[in-house]
Amino acid sequence: MEKDFIFILFGIIIGLIIGYLFAKIHFWIKNKSVRKDAIGRSKSVILGQVNEKIAPILPQFNYNYKDLVFIGKGIDYIVFDGLSEGNLNKIVFLEIKTGKSNLNKNEKSIKSKLEESKVEYEIMRI
């Protein structure tokens with residue numbers, strides 16, 4: 001009877017150890033893939049931010065860099081097209097995207113209000 005109890009106790013301990021090791025391996029593999037994904041996303045965000053800054057010096061950029069005002073939040077640039085030459089043609093809210101990236105919720109909201117012409121000019125005196 002005492003031997004049976006020892007064998008059962010030993011079996012339970014071995015089972016717990018094996019279960020713990022399997023769980024540890026499972027979470028290690030899952031954690032590794034989550035970290036890899038996070039690193040990939042971080043690289044994409046950083047690359048996008050760098051591209052936002054260098055886009056105005058690329059040959060295919062359509063506007064004079066002197067006409068740009070960097071905003072960076074919601075909209076990357078406001079372009080006062082032609083203002084540096086003394087002839088303002090148009091004002092453009094410019095968002096720069098790389099690869100397959102899409103507009104986020106805030107960017108979509110800004111685009112929607114611009115398309116609805118819900119834009120105002122305001123002077124604040126202090």
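Throughout, read-outs are computed from the coordinates displayed, never taken from laboratory work. All of these numbers come straight from a predicted model, not from anything done at the bench. A quick note on method: Cβ atoms are made from the backbone with ideal geometry, for glycine too, and the neighbour counts reach across all protein chains shown.
Here is the link list: Lys66/Lys90; Lys66/Lys100; Lys73/Lys97; Lys66/Lys118. Which ones come out longer than 21 Å on Cα distance? Walk me through the numbers before you get to the answer.
Working: Lys66/Lys90 14 Å; Lys66/Lys100 28 Å; Lys73/Lys97 13 Å; Lys66/Lys118 27 Å.
Checking Cα-Cα distances, Lys66/Lys100; Lys66/Lys118 exceed 21 Å.
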How big is the antiparallel share of DSSP beta bridges in segment 62-115, given as a percent to the nearest 5?
-> 100 percent
Sequence neighbours fewer than 8 away in the same chain don't count; with that in mind, list the aspartates and glutamates whose C-alpha is under 15 Å from Lys113.
-> Glu95
Just add up the charged neighbours of Leu83: K/R +1, D/E -1, any other residue whose Cβ is under 12 Å from the Cβ of Leu83.
-> -1
Degrees, to the nearest 10: 2-54 long Cα axis against longest axis of the chain | 10 degrees
Dipole of the chain [Lys/Arg +1, Asp/Glu -1 at C-beta], most positive-end residue of Tyr65, Phe7, Ile18 = Phe7
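Need one number: convex hull volume per residue for the chain, Cα atoms only, in Å³.
214 Å³
Compute the convex hull volume of the Cα atoms of segment 62-115, divide it by the residue count, and report the result per residue in Å³ as a whole number.
Working: hull volume 4.7 nm³, N = 54.
So the per-residue Cα hull volume is 87 Å³.
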So how tilted is helix 105-115 from the main axis of the chain? Cα-based, degrees 0 to 90, rounded to 10.
-> 20 degrees
